[in-house]
Amino acid sequence: MQAQKKRTTGAFLLLFALLLALLAANLTIGSVRVSLPELIFVLRARGGVSTAARIVWTLRLPRLLAAALLGGALAVSGFLLQTFFANPIAGPFVLGISSGAKLTVALTLIAALSRGRVLGSGALIGAAFLGSMLAMGFILLLSARIKRMSLLVVCGVMIGYIGSAVTEFAVTFADDQNIVNLHNWSMGSFSGITWANVYVIAWVVLAGITLSFLLSKPMAAYQLGEGYAQNLGVNLRRFRLELILLSSLLSACVTAFAGPISFVGVAAPHLMKSLFKTARPLVMVPACFLGGAVFCLFCDLLARTVFAPTELSISSVTAVFGAPVVIWMLLRRRGD
């Protein structure tokens, strides 16, 4: 017990250290380099008219905060789905939930832009949440008929492909001058995030993470079996609904502001389970949030800098690092 506590403390300290290092790296590294002393001065001054101040406060700081919050949201959403379906491969991208949100947001944006309207953050999150719930509802209908989780995951992947194909079709033939930005969003990107976006993201994500953490006790019981959870007084119907709503809300917030981001929701929870050597929700919810933040900050740094000034889509980079984790996980489970 004492050894587990020490391991948990050490793992959290490691995540915090990585998070701080990546925050500093994302603020200093880019097309325009900002030295560490200059960064400290700009942050302490809380702005300024210098080039470094404008780059840090207008471009990099809101972007990295969004990447950290949305990465954490994706990882926690993936953990909730893995708990719900009792499958380590379940995740918002794999099950097609992100693609459903992507489709409804794209159609909503195209309809609004064709009429010269600009949508607010609430409308984008609402559209993404609707798409997430539609995709999740379809997955739940399939789960009532398909008992093998491997087949259900395949169906989720197919739903994702269909949603992405329809989205690409709509984006390709949409008639609007902002279509390039819409195409970049559909590929996944943290660019263009403003402080107004960050405030909305922070409220939605932190509320979702807090509510998820409050479900730690029934989640721990549910992990031991439905019968065990019922014996402890868990209302299964209400509990499942809460998991669905929270996971959909968190993934919808990500899709609304950054587009679909692949593999974070699957890979980050598995990496955290390996690091902490536990699947206890009381530990895993904050661990997944920090792990997802670290994962996305690292991938976004590479997306911005590897081929600068050309920027890669964030999903391309997360797939490079996330897919091998998923493959390793599957091979490890088969070996067990």
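Tell me the helices (runs of 4 or more DSSP H) entirely within segment 194-309 that contain at least 1 residues that are under 20 Å from the mean Cα position of the chain (by Cα) and modelled with pLDDT of 90 or more. Of the helices (runs of 4 or more DSSP H) lying wholly inside segment 194-309, those with at least 1 residues that are under 20 Å from the mean Cα position of the chain (by Cα) and modelled with pLDDT of 90 or more span 195-214, 216-223, 236-258, 264-276, 281-305.
Answer yes if at least one residue in segment 313-336 is assigned to a loop (DSSP other than H, G, I, E, B) and farther than 24 Å from Leu61 by Cα, and no otherwise. There is at least one residue in segment 313-336 that is assigned to a loop (DSSP other than H, G, I, E, B) and farther than 24 Å from Leu61 by Cα. The set of residues from segment 116-139 being surrounded by 15 or more Cβ atoms within 10 Å (Cβ to Cβ) and either among the aromatic types (Phe, Trp, Tyr) or more than 14 Å from Ala252 (Cα to Cα) (or both) comprises Leu119, Phe129, Phe138, Ile139.
Any residue at all in segment 88-106 that is surrounded by 15 or more Cβ atoms within 10 Å (Cβ to Cβ), without any contact (Cβ under 8 Å) to a residue 40 or more places away in the chain and among the charged types (D, E, K, R)? Even if it seems obvious, please write down each step before you answer.
First, pick out the residues of segment 88-106 that are surrounded by 15 or more Cβ atoms within 10 Å (Cβ to Cβ): 88-106.
Next, from what is left, pick out any that are without any contact (Cβ under 8 Å) to a residue 40 or more places away in the chain: 104.
Keeping just the survivors that are among the charged types (D, E, K, R) gives none.
No, because not a single residue in segment 88-106 is surrounded by 15 or more Cβ atoms within 10 Å (Cβ to Cβ), without any contact (Cβ under 8 Å) to a residue 40 or more places away in the chain and among the charged types (D, E, K, R).
Looking only at segment 250-272, decide whether some residue is closer than 23 Å to Ile139 by Cα and surrounded by fewer than 19 Cβ atoms within 10 Å (Cβ to Cβ). No - not one qualifying residue is present in segment 250-272. The number of residues in segment 121-155 that are at pLDDT 80 or above, closer than 19 Å to Arg240 by Cα and either of a type in the set (Gly, Ala, Ser) or touching a Pro at 6+ places or on another chain (Cβ under 8 Å) (or both) comes to 4.
The number of residues in segment 44-64 that are under 18 Å from Leu297 (Cβ atoms) and either exposed (fewer than 13 other Cβ atoms within 10 Å of the Cβ) or without any contact (Cβ under 8 Å) to a residue 12 or more places away in the chain (or both) comes to 1. Checking each residue in segment 76-102 for being in a helix (DSSP H, G or I), over 19 Å from Ser121 (Cβ atoms) and of a type in the set (A, V, I, L, M, F, W, C) picks out Val76, Phe79, Leu80, Leu81, Phe84, Phe85, Ile97.
The values are calculated or read from the model by the stated rules, or taken from the named source; none is laboratory data. Everything quoted here is computed from the prediction, not taken from an experiment. In this analysis, Cβ positions are derived from the backbone assuming ideal geometry, glycine residues included, and neighbour counts consider all displayed protein chains.
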